[in-house]
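First up is the structure itself, then whatever we jot down about it.
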Amino acid sequence: EGLMPSIKLALEGCLGKRPRLPRILNKPGPGILKGIVKDTADTYYHMANMFFVPVENWPGKPAFYYLAVVNESFEITGVPPGSYYLFAIEAQNTESIDTVGLPIDWPRPVTIDADGKVAHVEIEMSTFLSKEARFWNVQGFLRGVGHLNALNASVEELGPYGRIVDVGGNPVPYATVQVREFKANRGEGEGIAAPDARTNEQGYYGLRPLDYPYFVGAIVHDPLINAAGHRWQYIQRNKVFEGKQAINFEFKPWPSVTRSGGIIEGTVVDAKDNPIPSFIVDVRPAGPWPKVNETSEPWYESWGFRAAFAGGKFALGDVPEGICNVRIMSHETSAERGDTLGQREVTVSTGQTKHLEFQIEDWEKKRRQRIYVTPFRLVSKQESGVKTAVPVEGEGGWGEAVEGVQVRLRADKYTWEAEEKPVFKADIRNRGELELYVHAADEFCQLEIDGEWHGWSGPWGKIDVKQSPLGHGSQINNISISLAKTWVGKKSVLALTAGVHTVRVAFILQRSEREYQNIVRAVSNPVEIEIVPVKAKTAVEVEAGEEALTAEKLVLKLVDNSGRPVAGAKVGTSVRTRDEQVLNSKLYWSLSSKEKDVSNEDGKIVLTRDKLFPQSWNPDRRRALYILNEERQIGAFCEISKDDERNQIELTLEPVCHVHGKLSSEDLEEIGRPLTWSNVYLGFNKDSQSVLSCMSEKQQFEFWVPPGEYELSAYGSGEGASTKHVRPTIEVKTGQSELDLGVVDLPATKLSTLIGKPAPEIGPIKAWKNGSPITLAELRGKAVIIYFDGTSPNTSRDLPQLVDLHNQFEANGLVIVALYNCPSMEALEAKWVEVYKKYGGVQNVPFRVAVDGGKSTFYEGSDKERPGATYAIYDITADPTTILIDPDGKIVGKLGLYGAKEKLGNMLGVEVKTTVSTWRQRFEEVYRLEDNRILKRIAPPFIPERRDYYVNENSSQASAISTSPGIFVFHWNGKLKNWGLSFTDKLDLNFLLGFVLRLKSFEYDGPEELLSIELPGDWIIRDEVSQKIKLKALEQLIDEELGRTIQFEKRTVERQVIVVTGNFKFHPPSETYEHKSVHLYSDELDPDEGSGGGTADSVNDFILRLGSLVDMPVADHTESSKKILVPYRHHRSSYLRRIKDKAEKAGKLQMLLANLTKQTELQFRIEKRPVEVWFITEKKKDK
């Protein structure tokens, strides 16, 4: 009882012509509400207005509202603390709340605390609605602002209003009232001018205030008898009115009420007696149809049936007595419109059935080409009762010949179950005179399904025909074409439904191996297949399937503390916390089984056992899983083993605690080697595998964990030094939301404490090789590398680098000792042979190799034995470890081999020289940028060394494309840095400004004559200087080399600009399987989930990249203050700068921006603004 008055007041506050309710936006503040509006009813609405009514005002006017996206979690910050009743109403668009819809759910109490505690709410659209109820039974609720009339709104608050009754004065419920714009010059209604209203149970309707004049008409919906579809009955023609007034419809007796009359049934076939697959039947009183602007009385009393049918048969009941006109219409995209195929008059009598037969002689011409392109026909069954897939033209039929090329298609079978993926075979032959090339694979062909073309990368596929020659008289057979792969059409990805489908395939051929002109497109014969529902399994099959599922699958069922399923939770076997936020999250998730890792609406995640556990694991070895719903901040841990017999594990997700702290090392700071990197792991018990980790350059860590005891494992490193592992135990209590561990000090390893001190003597040594025994004391004055390599020689990675260091620095005083702690030299040599055979590398080394001796020790805090006294003295905990000792005999620290040459050169006073090949010397000499220059062009013909540069520095590119690029671009900062290359042959000023100077196309403008000035060659540029300086240098270069006085002048002009507002919040796209990136697309997704992309450093960087992609300037007015990394993928449909048609480009831009809004919550609008543009002019020189 309290809901209805509050809805009335909510709607009054929503109307644009009266004071509006305040809208809550995410602002700083203590009040936080998280939740979701679920659409389990499969409705058509994507937005919901949530209204907050203070408890003390109930039932009364809401205090404010929030616009939420359906089926996406929301978080509202800055909500005024207090107790509210919260209810939701469906919203029809994102820009305005002027149009509202049905109530979604019963009001529910919610309390917003002032102490920052998060409140939660879930709203479910199915409480009031179902898909059927939306159209046929709204249970007394009205659609649109017609709600107001049912809520006793005053007449002054309405626009058109009124009541619909029958001839006896009885109310007509659930009738739809439509409003159409009045065109005075045409005297008729056109287009929908306002949302529909629907009458309530008392027959009343009401519309929001309108700008007059308008047409208003009423329609009654009634379920169809004996036919699928629906019919509309017009009970009064549109009436023009000026100014506000009541419009009441008196409704005459109507067949669906009286349920009396006759039946019309029949068939509709083509000239060959094949049933017409889809059509509309329209039945009305005989006589001419009234025009739209007529108001004659007969129209008021008219009636009509219209319904859609399939399969060549139709039937309509309750047709009134008299002469009727039956019209057959082609089925377009709705049941309202279509072309007339045939019509006739028939006399109908009550209680009798009239049978009509329509034969559409010119069906092939009149059918809708975009819906049905290929012929449909009945295929006779064989005696076995199984249909055989044959070409429509008969067995062995080929498609139409194009330049003598024909394609033949055949399916492996006719009938396919819904879970199967049909497979075809194609043959292609050349009976013409041309020598052609074709790529004979389904990846490069085009597939037509029921008139719509599909391809792997879009409806027209790829063009790459260099694979196979198809000369005169040749033929390629059995090209496999599978529908198991992703086929993309103009509007959507191919998904076959149950029924008969007609299929054709097309191949692209070319006349030469290189040229992409003179293309031949050959289309096959059509082939029919039928998709049927999956056959029901027997009890035995079901039982066997369930056993297999139990053995193979593991289901995690996630619930919250109230026992409700938790959707949107993630599971991981390794979850890493990053220093920077990526898409609003610091967590990087990894699941070893590489399966879907997010729980569904039932709170379930299905995992595959064999994928979850490596084959090498013992059956009882446990795998730890971490589960978190980051939006709701609830999570859980669990452990499972390979031999765990459970097929379903129910986990209760509890509120998580934010555990965080910092790391430091006083020991490393004392020796001048402060921490530069740290690693922290968290396990949920002492024996578990650590699932959570945090690797940081900022020496900080944070985790989000449920209540329980945990072991932290932390360690770090500085330059050549490292710390011990610290393993404190922590406890998170129930209800605890924050745990600050402060600063955790990491003590240095024993080896790190020796840095700067005399190196301990090595030994005793069991055996030596490649030289006599030596001591460190004997090596004073020399640089020494001790390479601790454990029990197995690293023949392929480290040892070759050590050999290189020995060869380069031995003469200057470097000594290398490779020290092993295996049982004997014989055991080491045997192991060396084994590893070399398996991995290659070096079989022998020129420096000393030794086997450590002395007593074994134990690793600190462990019962694991460590052989070798030298290993113990230096506290070697991991191998290989490389130690550098300076000529004074002091330990420098650990040595990284990849930077060892420079360090050794400095220590030994040796200049490290690199051998420069002759071609490189010549290339760098020619391509060097002089100190006084900003820009330099190397014009063709090029030096031969340019080819050497391409082959050696771009070896992978050169192996794919042997031809040298048309242009190289280098940046100069004292030496050449290859920035980019291109194989284009159009090297003009326009290309130069974009590719070399990296100006965006909207940042410059000029006449085509100047932009097409040819400037072929390679370019070297100082990229760090300003754009103004670069352009001035370009002016000078063109003047000196071409003798033309080109000028670049910056002007402020009006341009269309994309203005971006809002606060970035990432929502993974539902249309893609890759959900860790923002996807840029307009109307089509690439099958490979994006042809390119990258990671933007911030929201602002992402917006700038968007502007470059769509070829428009952008204005960033977003509220995002945190630094967020934004990975993104751009699909081919986002390359709008390639589109020449302005209307098409504008339409796709709107689609692209709308898709971005769904993923980021950013708002985009396009408006004219002043922008700075470089204008290009030419000053004529005096003669």
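The values are calculated or read from the model by the stated rules, or taken from the named source; none is laboratory data. Treat the numbers as computed from the prediction; the structure is a model and nothing was measured. A quick note on method: Cβ atoms are made from the backbone with ideal geometry, for glycine too, and the neighbour counts reach across all protein chains shown.
If the Cβ limit is 7 Å and pairs must be 6+ apart or interchain, which residue in segment 853-868 that is within 21 Å of P773 (Cβ to Cβ) pairs with which residue that is modelled with pLDDT of 85 or more and of a type in the set (A, V, I, L, M)? Pairs that qualify, where the first residue is within 21 Å of P773 (Cβ to Cβ) and the partner is modelled with pLDDT of 85 or more and of a type in the set (A, V, I, L, M), are G853/I765; G853/A869; G854/A869; K855/A869. In segment 617-630, the residues that are within 10 Å of A569 (Cβ to Cβ) form Cβ pairs under 6 Å with partners that are buried (at least 22 other Cβ atoms within 10 Å of the Cβ), at six or more places apart or across chains, as follows: I627/A569; I627/V571; I627/G635; I627/A636; L628/G635; N629/V566; N629/A569.
One residue stands out among those in segment 937-964 that are assigned to a helix (DSSP H, G or I) and among the small types (G, A, S): the one that is surrounded by the fewest Cβ atoms within 10 Å (Cβ to Cβ), which is S956. For segment 70-105, filtering for residues that are assigned to a strand (DSSP E or B) and either in the same structural domain as Q633 (by TED's automatic domain parsing) or modelled with pLDDT under 80 (or both) leaves 9. Looking across segment 948-985, the residues that are in contact with a helix residue (DSSP H, G or I) (Cβ under 9 Å, 6 or more places away or on another chain) and under 20 Å from L1015 (Cα atoms) come down to S964, P965, I967, F968, V969, N978, G980, L981, S982, T984. Within segment 642-660, being at pLDDT 85 or above and of a type outside the set (D, E) holds for Q648, I649, L651, T652, L653, P655, V656, C657, H658, V659, H660. I want to confirm something. Restricting to segment 567-594 and keeping residues that are within 15 Å of F637 (Cα to Cα) and in a loop (DSSP other than H, G, I, E, B), which single residue is modelled with the highest pLDDT? Once the filter is applied, the top-ranked residue is A569.
Any residue at all in segment 892-905 that is of a type in the set (V, I, T) and not assigned by TED's automatic domain parsing to the domain that holds I786? So that I can check it myself, show each step before the final result.
Taking segment 892-905 and keeping what is of a type in the set (V, I, T), we get 892.
Narrowing the set further to residues that are not assigned by TED's automatic domain parsing to the domain that holds I786 leaves none.
The answer is no; no qualifying residue exists.
Give me the residue from segment 809-824 that is surrounded by fewer than 17 Cβ atoms within 10 Å (Cβ to Cβ) and not hydroxyl-bearing (S, T, Y) and, out of that set, nearest to N770 (Cα to Cα). Once the filter is applied, the top-ranked residue is E810.
I'd like to know if segment 1156-1178 contains one or more residues that are in contact with a helix residue (DSSP H, G or I) (Cβ under 7 Å, 6 or more places away or on another chain), in contact (Cβ under 8 Å) with a residue 24 or more places away in the chain and among the acidic types (D, E). Yes; the residues of segment 1156-1178 include at least one that is in contact with a helix residue (DSSP H, G or I) (Cβ under 7 Å, 6 or more places away or on another chain), in contact (Cβ under 8 Å) with a residue 24 or more places away in the chain and among the acidic types (D, E).
Conditions tested, residue by residue: (1) part of a strand (DSSP E or B); (2) among the polar types (S, T, N, Q); (3) more than 30 Å from K604 (Cβ to Cβ); (4) at pLDDT 55 or above.
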{"position": "R514", "(1), (2), (3), (4)": "no, no, yes, no"}
{"position": "Q517", "(1), (2), (3), (4)": "no, yes, yes, no"}
{"position": "L556", "(1), (2), (3), (4)": "yes, no, no, yes"}
{"position": "S562", "(1), (2), (3), (4)": "no, yes, no, yes"}
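Quick check on my filter: what residues within segment 968-986 are in a strand (DSSP E or B), of a type outside the set (F, W, Y) and farther than 17 Å from V951 by Cβ?
Here is the first cut: in segment 968-986, the residues in a strand (DSSP E or B) are 968-972, 976-982.
Among the residues that remain, those that are also of a type outside the set (F, W, Y) are: 969, 971, 976-978, 980-982.
Within segment 968-986, V969, H971, K977, G980, S982 qualify.
With L33, L67 as the choices, which residue is modelled with pLDDT of 70 or more and surrounded by fewer than 20 Cβ atoms within 10 Å (Cβ to Cβ)?
Details: L33 fails: surrounded by fewer than 20 Cβ atoms within 10 Å (Cβ to Cβ).
Answer to the selection: L67.
When segment 719-736 is filtered for residues that are assigned to a strand (DSSP E or B) and farther than 25 Å from S862 by Cα, only V732 remains.
Of the residues that make up segment 1135-1150, is at least one under 23 Å from Q1056 (Cβ atoms), surrounded by 16 or more Cβ atoms within 10 Å (Cβ to Cβ) and touching a Lys or Arg at 6+ places or on another chain (Cβ under 7 Å)? Within segment 1135-1150, one or more residues are under 23 Å from Q1056 (Cβ atoms), surrounded by 16 or more Cβ atoms within 10 Å (Cβ to Cβ) and touching a Lys or Arg at 6+ places or on another chain (Cβ under 7 Å). Cβ-Cβ distances below 8 Å connect the following pairs, each with a first residue in segment 497-512 that is at pLDDT 85 or above, a second residue that is hydroxyl-bearing (S, T, Y), and a separation of six or more residues or different chains: T502/T374; R504/T374; R504/S524; V505/S524; A506/S524.
The residues of segment 1142-1179 that are among the basic types (K, R) and more than 30 Å from D1039 (Cα to Cα), listed by number, are K1142, K1145, K1148, K1158, R1165, K1168, R1169. When you check G893 against the structure, is it out of contact with any Pro (no Cβ under 9 Å at 6 or more places or on another chain) and without any contact (Cβ under 8 Å) to a residue 60 or more places away in the chain, yes or no? For G893, the condition - out of contact with any Pro (no Cβ under 9 Å at 6 or more places or on another chain) and without any contact (Cβ under 8 Å) to a residue 60 or more places away in the chain - is not met. With respect to the conditions (1) touching a Gly at 6+ places or on another chain (Cβ under 9 Å); (2) modelled with pLDDT under 85, Y1081 falls short on a single one, namely (2). Of all residues in segment 418-451, exactly one satisfies the criterion of being part of a strand (DSSP E or B), surrounded by fewer than 17 Cβ atoms within 10 Å (Cβ to Cβ) and under 30 Å from the mean Cα position of the chain (by Cα), namely V423.
Against the numbered list (1) assigned to a helix (DSSP H, G or I); (2) touching a Leu at 6+ places or on another chain (Cβ under 7 Å), Y1128 comes up short only at (1). Of the listed requirements (1) touching a Lys or Arg at 6+ places or on another chain (Cβ under 8 Å); (2) acidic (D, E); (3) under 30 Å from V969 (Cβ atoms), D852 misses just one: (3). Restricting the first member to segment 1125-1152 and to residues that are without any contact (Cβ under 8 Å) to a residue 12 or more places away in the chain, and the second to residues that are of a type outside the set (K, R), the beta-carbon pairs closer than 6 Å and six or more apart or on different chains are K1145/L1136; K1145/I1139. Is it true that K838 is crowded, with 16+ Cβ neighbours inside 10 Å, out of contact with any helix residue (DSSP H, G or I) (no Cβ under 7 Å at 6 or more places or on another chain) and more than 22 Å from I885 (Cα to Cα)? Here the answer is no, as K838 does not meet what is asked. Annotation note: Cβ proximity below 6 Å between a residue of segment 655-678 that is over 17 Å from V726 (Cα atoms) and a residue that is in a loop (DSSP other than H, G, I, E, B) and of a type in the set (S, T, N, Q) (sequence gap 6+ or interchain) occurs for V656/Q633; C657/Q736; C657/S737.
Rundown of residues vs (1) at pLDDT below 85; (2) of a type outside the set (A, V, I, L, M, F, W, C); (3) not assigned by TED's automatic domain parsing to the domain that holds K1000, yes/no style:
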| site | (1), (2), (3) |
| --- | --- |
| V1099 | no, no, yes |
| I1103 | no, no, yes |
| V1114 | no, no, yes |
| S1120 | yes, yes, yes |
| K1123 | yes, yes, yes |
| S1134 | no, yes, yes |
| D1141 | yes, yes, yes |
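Please determine whether any residue of segment 764-771 is crowded, with 17+ Cβ neighbours inside 10 Å, free of Cβ contacts under 8 Å to residues at least 60 places away in the same chain and of a type outside the set (S, T, Y). So far as segment 764-771 goes, no, none of its residues is crowded, with 17+ Cβ neighbours inside 10 Å, free of Cβ contacts under 8 Å to residues at least 60 places away in the same chain and of a type outside the set (S, T, Y). Screening segment 1006-1042 for residues that are of a type in the set (G, A, S) and in contact (Cβ under 8 Å) with a residue 60 or more places away in the chain and picking the one that is nearest to S964 (Cα to Cα) gives G1017. Could you go through segment 1011-1018 and let me know if any residue there is part of a helix (DSSP H, G or I) and of a type outside the set (K, R). Scanning segment 1011-1018 turns up at least one residue that is part of a helix (DSSP H, G or I) and of a type outside the set (K, R).
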